[in-house]
Amino acid sequence: MEGSRLVALVVCCSLISSVELQPFYLMVKKEEVNATVGDTVVLSARPSVPVSGGFWKFGTKSIVVWTVEAPYLNVAYTKRLVHLLDNTSLLMFSVTLADSGDYWVTMDSPRGDEATAKITLNVFPKPVPFSIAVKHREINTTDGDTVVLSVSPSQEVKNGSWTFGGKDVVMWEGTVPEINVDYRRRVAILAKNSLQLKSVRASDTGEYRVAMSTDSGNTSTAKIYLNVRTKRQPIDVRPVLSSINAEYDANVLLSVMISGEVKNGSWSTGDQTLFQWNSTLQNVTLHPLFLIDLLPNASLLLLSVHEYSFPLYIITLESPSGDTATANITLNVFRSSHSCTTYNVGFTISVLLALVCILVFANHIYTNVKLLVKKSTMFWLYSVKDTGYVYRSSW
């Protein structure tokens with residue numbers, strides 16, 4: 001019996017000795033914690049036995065101090081949403097780049113032992129997504145010009161390409177571009193990103209796509225639409241005859257000469273639209289008293305005009321570039337009877353004037369002849385008297 005007690009006593013002493021000799025230490029889950037700006041992190045530290053108190057420090061700055069009572073938080077961290085978990089670990093919300101560094105935690109055991117541990121926090125900036133900024137998503141230019149499809153990547157680019165209509169225009173890796181044979185001497189890469197097109201033409205109109213990749217493998221694409229217009233050509237319209245006199249019931253052609261490209265046009269008179277057309281589509285608005293037809297050269301044919309016809313006709317043309325040109329033609333319609341009467345009256349007056357002129361001329365001749373005869377007779381009488389002869393004239 002006594003032997004059993006002695007064995008039990010030895011075992012208890014051994015257990016007590018082993019408990020008392022166990023060292024006090026802190027267990028750290030991760031000695032180095034990586035996070036991104038704005039993340040929530042936990043600096044985890046667990047004591048080997050329950051503790052009576054401790055504190056966390058960042059550099060020389062105290063973050064939180066605690067005992068068996070409520071923890072005391074440094075005023076500098078009250079607005080940072082910092083909490084102490086289970087009186088051991090540190091919880092931090094919305095970390096910043098300034099939070100990067102070494103964090104020290106120190107704890108005390110109930111028997112007065114002290115243990116310290118270090119955790120390093122690395123806070124990195126938020127990764128910026130790779131993107132391509134476009135200066136102008138739509139570019140309007142004129143054929144023969146030089147244009148730049150300007151883009152700007154958000155990160156350094158390793159390689160990229162420009163395509164048009166599903167065909168590569170140029171591609172590059174590093175600083176050496178490879179240009180499609182169809183675009184040689186017309187294409188260049190500016191600042192290793194933007195596309196320069198020289199002597200553009202109408203066939204270059206369309207959507208251009210650029211794709212780029214970074215060293216880390218991130219890719220991004222962008223699109224630019226290029227609209228190449230033909231050079232503006234002046235448009236002009238001139239009437240063959242600006243004023244036309246026509247007989248009643250006759251057909252009249254309002255003929256015009258056009259230079260330049262025509263997109264839209266119209267014939268009108270006063271506030272009445274006679275013809276409108278757009279490219280190949282025609283829309284006619286007929287006046288109830290008119291029969292008209294539009295000829296292929298934009299001249300207007302009036303069928304069977306009358307005295308009620310409008311006196312002024314206006315043609316208006318518009319070019320693809322928006323320039324306009326107008327011309328006016330005046331029309332005077334008369335009846336044939338009026339013309340004959342006018343002609344007869346004029347002819348009668350002319351005949352009467354001619355007769356008057358003849359009579360005046362005849363009278364003048366008669367007077368001159370009579371005077372000449374009289375002078376001749378008197379001369380003869382004087383001549384006879386001088387010779388001694390007497391002659392009795394019947395005059």
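Give, as a single signed number, the net charge of other residues whose beta carbon lies under 15 Å from the beta carbon of R335, with Lys and Arg counted +1 and Asp and Glu -1.
Charge balance in the 15 Å sphere: -3.
Under Stokes-Einstein, with the Kirkwood radius over Cα pairs standing in for Rh, what whole-number D in µm²/s applies to segment 83-122 at 4 °C and 1.567 mPa s?
Roughly 110 µm²/s, to the nearest whole number.
Could you tally the net charge around R186, taking each other residue with its Cβ under 11 Å from the Cβ of R186, Lys/Arg +1 and Asp/Glu -1?
Local net charge: +2.
Consider all pairwise Cα distances in segment 114-211 and report the whole-number % of them above 15 Å.
Tail of the P(r) past 15 Å holds 67 percent of the pairs.
Given a 1.4 angstrom probe, what's the average accessible area per residue across segment 171-325, in square angstrom?
Accessible area per residue: 58 Å².
Taking R0 as 51 Å, what FRET efficiency do you get between L371 and L253 from their Cβ-Cβ distance, rounded to the nearest 0.05?
Efficiency computed from Cβ-Cβ geometry: 0.20.
Report the gain in length on full extension from K30 to L352: 0.36 nm times residue separation, minus Cα-Cα distance, nm rounded to one decimal.
102.4 nm
Using a cut-off of 15 Å between beta-carbons, work out the net charge of the residues near V237 (Lys and Arg +1, Asp and Glu -1, V237 not included). Walk me through the numbers on the way to the answer.
Numbers: positive: R238, K263; negative: D236, E261, E318, D323.
Net of charged neighbours comes to -2.
Take the Cβ-Cβ distance between K61 and A191 as r, set R0 to 35 Å, and report the resulting FRET efficiency rounded to the nearest 0.05.
That gives a FRET efficiency of 0.15.
What's the long-distance tail for segment 102-160, i.e. % of Cα pairs beyond 17 Å?
Working: 1199 of 1711 pairs.
Above the 17 Å cut-off, segment 102-160 has 70 percent of its Cα pairs.
Given R₀ = 51 Å, what would the calculated FRET efficiency be for N332 paired with R184, taking r from the Cβ atoms and rounding to 0.05?
The formula returns an efficiency of 0.20 here.
Using modelled backbone amide H atoms (1.01 Å from N, in-plane), which distant-in-sequence or interchain residues come within less than 5 Å of A246's amide H?
Those qualifying (amide H under 5 Å, at least 5 residues apart or on another chain) are N332, V333, F334.
Just grab the label-to-label distance for E114 and L91, each label 7 Å out from Cα along the Cβ direction, in nm (one decimal).
According to this spin-label approximation, the distance is 2.9 nm.
I need two numbers for segment 124-272: Rg to one decimal and Dmax as a whole number, Cα atoms only, in Å.
Over segment 124-272's Cα set, Rg and Dmax evaluate to 25.8, 95 Å.
Multiplying the sequence separation of T205 and R80 by 0.36 nm and subtracting their Cα-Cα distance, what value in nm do you get?
Gain on extension, T205 to R80, equals 39.4 nm.
The values are calculated or read from the model by the stated rules, or taken from the named source; none is laboratory data. The shown structure was predicted, so the numbers you read here are calculated from the model rather than taken from an experiment. Neighbour counts run over all protein chains shown; Cβ positions are idealised from the backbone, glycine included. Note: accessible area is taken over every heavy atom of the protein model, side chains too, but ligands, DNA and RNA are not part of it. Shrake-Rupley method; radii C 1.70, N 1.55, O 1.52, S 1.80 Å.
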